[in-house]
Amino acid sequence: ARVTPDGPPEIRDVGAALNQLAGRIDGLLRRERESVADLSHRLRTPVTALRLEVDAMRDREDAARVGTAVASVERMVTQVITEARRSGAERGPGCDAAEVVAERVAFWSALADDQNRPRSVRLSPGPLPVPVRAEDLAALVDLLLENVFAHTPEGTAFAVELTGRPGGARLTVGDEGPGFPDPGLVERGASGAGSTGLGLDIARRTAEESGGSLSVRNGPVGARVIVDFGNP
């Protein structure tokens, strides 16, 4: 926002100073977005090298599995570049949560089978519209499931549930692992388990931008992450 300096000289000076400050903030944010986009773009080179290594693998089953992971990284890098160059005021269209969550759960199911992880999946039949872009919702689901696979032993069961609610939709991802060492700490985007802790913070911001919220808790067995989305 800008002001039109008017009134006594002191007030005009304040108005001019506020406009100058707003202009500097715009410039800083623009340079930050471009820096993030540039760094993410540089990641394309090593990712492309990984893709070439995958193509050269002799074991086609291993190549397919690693290739799927590389494709996921490529998709995330592209999303980071797009997000960095997108103004915070820009909002894309919402999506059908039932369709997006089902697609991402199917993607992770192959790895779950490889690791002998029992799973329970209960998804409300669509359409279940939420005010979140499909790419952002897919990234959120990936982050939550990646946490399960990264922080629980192979063979640990997990569950994914998507339901409608009066205020929008609710996504719950739970597991039968050791649980969060400190749910409050993780919720603030920090972690004492050898990770950055940013995954849950990114998911939380996505939920809040939709008008919802994210909460984490430990149950009698394992951990649960509950994401509430607002109405479109």
With Cα atoms, 0 to 90° folded angle of helix 44-55 axis to the chain main axis: 20
Cα long-axis angle, helix 198-209 against the chain (0 to 90 degrees, to the nearest 10): 60
Cα-only radius of gyration and Dmax that characterise the range 9-87, units Å: 21.6, 77
Around Asp228: net Lys/Arg minus Asp/Glu count, Cβ-Cβ under 12 Å: +2
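Work out the length of the dipole vector of the chain about its Cα centre, built from +1 on the beta-carbon of each Lys and Arg and -1 on the beta-carbon of each Asp and Glu, and round it to the nearest 20 debye.
320
Which residues make up the longest stretch of the chain that has no trypsin sites (Lys or Arg not before Pro) in a DSSP loop with at most 15 other Cβ atoms within 10 Å?
For trypsin sites (Lys or Arg not before Pro) (loop position, at most 15 other Cβ atoms within 10 Å), the longest site-free span of the chain is 92-187.
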Unit charges at the beta carbon, dipole of the chain: most positive-side option, Leu28, Pro5, Pro181: Pro5
Sulfur and carbon atoms: percent of accessible area, the chain [1.4 Å]: 56
The chain, accessible area per residue, ligands and nucleic acids excluded (1.4 Å, Å²): 58
Crossing angle, helix 60-84 versus the chain [Cα axis fit, 0-90 degrees, rounded to tens]: 10
Computed helical MRE - 222 nm, the chain, DSSP H runs ≥ 4 contributing -39500 (n - 2.57), nearest 500: -18000 deg cm²/dmol
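Ratio of alpha-carbon Rg to the 2.2 N^0.38 Å globular estimate for the chain, to two decimals, please.
Numbers: Rg = 21.4 Å, N = 232, 2.2 N^0.38 = 17.4 Å.
Rg over 2.2 N^0.38 Å, computed on Cα atoms: 1.23.
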Label-point separation, Val47 to Glu10 (7 Å along Cα→Cβ), nm: 5.5
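First select every other residue whose beta carbon is under 14 angstrom from the beta carbon of Gly67; then total the charges, Lys and Arg +1, Asp and Glu -1.
Cβ neighbours under 14 Å give a net charge of -1.
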Extension gain from Asp38 to Glu208, taking 0.36 nm per residue of separation minus the Cα-Cα distance: 58.5 nm
Using a Förster distance of 45 Å, the FRET efficiency for Ala1-Val73 (Cβ separation, nearest 0.05): 0.70
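The values are calculated or read from the model by the stated rules, or taken from the named source; none is laboratory data. Not measured: the values here are computed from a predicted model. Here the Cβ is made from the backbone with ideal geometry for all residues, glycine too, and neighbour counts use every protein chain on show. These area figures cover heavy atoms from the full protein model, side chains too; ligands, DNA and RNA do not enter into them. Shrake-Rupley method; radii C 1.70, N 1.55, O 1.52, S 1.80 Å.
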